Amino acid sequence: MRRLMSSRLPSLATLVVAALITSPAISQTTIYEGARVIVGDGTAIENSAFIVQGNQFTQVGRRGEVQAPAGAARVDLSGKTVIPTLVDLHGHYGYQNLAQGTMSKDNFTRANLIDHLQRLAYWGVGAAVGVGDLVDRSDLKGGRTGWGDVPIKLRDEVVPNTPLFNTAGPGMAYPTAGAQGDPSRMDVSYWVATPEKAREAVRDYAKLKPEFIKIWVDDRDGKKTTLSPALYGAILDEAHRTNTPVAVHNVKLSDAKAMMKGGMEGWLHVPVRGEDVVDDELVRIVRDRIARNDRPVIWMTPALISAYMSTFGGPTRPAWLDDPLLKATYSPQQIERYWGEPLRKMTPAQVAEAKASFQHDARNAVRLREAGMKIVSGTDTGQNRHLIGLANHMDLESQVAMGLTPMQVIVGATRDGAAIGKFNTGSVAAGKNADFVVLDANPLDNISNTRKINRVYLRGSEVPRAQFAARWQAAFSRAASAK
């Protein structure tokens, strides 16, 4: 049974067993007092109090105005800042063996996917969408791939100490023009070259009930044939017949205009990149669609993280490379191989190019945001240099560097992302899952303070972060010893 707003619907037997275990602990009620709470809706409450009963917030307000039930436990958070857990709408989890630093389809198991989600939880992420997931699909030749149902099963569970999870399924692309990089992911998507096959693939895809259908429209600087307007037009039309949203990895202005007119809901990356610049016509198309209430929630995950991190190249070592949280979740050798050494070797010309590229794409993203698109968070995590967890926080930092305020960034990465992903999280508000991060510093002063994590709570329970870190470090040690 599928979830409603990510509150998984348990069976009657499960409810009875839960009642026997927890009764009379409906008294599992805690009041947290004294923190600054950044609610997730653009407001903050100083010297707050909020009540968690079971797995949800029940009351939120100022200290002294919120009255806890008799027998409630009390936690003093004076001097701390609380934010909702983050939401990642664009991750490629499951393919990596983090300890070995390898990728393969064989890695895509329930245990490995949960391990990746636990890493997200460690960093304060409360909900995530897998994109390009390994799942059984039609091969469009009368057979099936036989790739199993790991992400489908996991989305309908609530696994302790992991974010809520949903899947966008395998994706769709012109043959060989989908996911690039490691071969393990390159053939996962449906490959379509005619409108008829595109419609057939959408019909099969929609049976998975994905969060959205992911498509790639990118000729890789002229090196690939990609989906034409006729092909992505057929995909949009067929998907919308079943009310299934579509999100795209896109580059060119002409394609962005055509897809915006066709009702494309989401963009995984900035909609216009490379040499192209957002123009007045595209701005008018966005505003007109919103004004007509024609699929008016139009969003993007800019995913400019790698470009932003590359702007730190040169002899000065960026502080985030020595972040204690990063050292807990990756080995020193990996940190140096993936980012430390490559950044150090960048020439001044390469750094300047990285800064120009980031600023170009940032301007495009901000202009589209001003037209009415929502900027939410998505990391594109899934290959070795995309560091799970750190990427979520560098995404926030990159958005501030784009020109957004810390508050705007937090709203996009929490409430707005949760609404788009249909997760019952993203706000410190009554009725929402009690998913929150306790910080030692205020991110409204400096967005990098989202990494000053003291504790993480998912559905009212504290995540055992120290245990997770010890397990990961032990795995890194074993992997190093085996070499």
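Values quoted throughout were computed directly from the atomic coordinates according to the rules given, and no laboratory measurement underlies them. Keep in mind that this is a model prediction, so the values were computed, not measured.
Worth pointing out:
- Euclidean distance between Cα centres, the range 444-462 to the range 115-180, Å: 26
- Global geometry of the chain, whether rounded, prolate or oblate, following the gyration tensor of its Cα atoms and the 1.5 cut on a/c: rounded
- Anisotropy class of the range 121-235 from Cα gyration tensor, a/c 1.5 cut: prolate
- Nearest 10 degrees, 0 to 90: helix 229-241 Cα axis against the chain principal axis: 40
- Between the Cα long axis of helix 12-22 and the first principal axis of the chain there is an angle of about 40°, rounded to the nearest 10.
- Whichever lysines have a C-alpha closer than 22 Å to that of LYS207, once near sequence neighbours (fewer than 8 apart) are set aside: LYS141, LYS153, LYS197, LYS422
- Angle in degrees between helix 280-291 and the longest Cα principal axis of the chain, rounded to the nearest 10: 50
- Percent antiparallel among DSSP beta bridges (both partners in the chain, rounded to 5): 50
- Under a 5 Å amide H cut-off, with hydrogens placed 1.01 Å from N, ASN97 pairs with THR102, MET103, SER104 among residues at least 5 apart or on other chains.
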